[in-house]
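Notes follow once the structure below has been shown.
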Amino acid sequence: MSETSPLPDSDPAARKEVLRLAMKAFRKRLKLMKLDDESRLGHGPMSGGGRSGVVAITPPNQFPKDVWEELVEQGKLRRAGRGIYELIDP
């Protein structure tokens, strides 16, 4: 990898930190997407809201594709197709 890559090959601690931050960003975006989906119009006022159908998202663009592919290899994410990933239940 190049020096400007967010996944440094030489420093395992820095690599681990980048992957941790990427997972944190992914979880936060997934949570926001679910909240947005649940708050949409169309739910009755007495229904208590709706359940979100969002299970996969496009990952945050602050991290390149190789970061997300590394997380897939580690078994933390799963490819859902066309650049979309889903969280694997712990």
In region 48-90, anything within 13 Å of MET33 (Cβ to Cβ) and in contact with a helix residue (DSSP H, G or I) (Cβ under 9 Å, 6 or more places away or on another chain) is listed as SER52, GLY53, VAL54, VAL55, ALA56, ILE57, THR58, PRO59, PRO60, TYR85, GLU86, LEU87
In region 64-78, what residues are basic (Lys, Arg) and part of a helix (DSSP H, G or I)?
-> LYS65
From the set of residues in region 35-90 that are over 30 Å from PRO12 (Cβ atoms) and modelled with pLDDT of 90 or more, which is nearest to the chain's Cα centre (by Cα)?
-> VAL55
Taking only region 52-77 into account, find how many residues are surrounded by 13 or more Cβ atoms within 10 Å (Cβ to Cβ) and basic (Lys, Arg).
-> 1
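The values are calculated or read from the model by the stated rules, or taken from the named source; none is laboratory data. Computed from a predicted structure; not experimentally measured. Please note: Cβ atoms are built from the backbone with ideal geometry, for glycine as well, and neighbour counts cover all protein chains shown.
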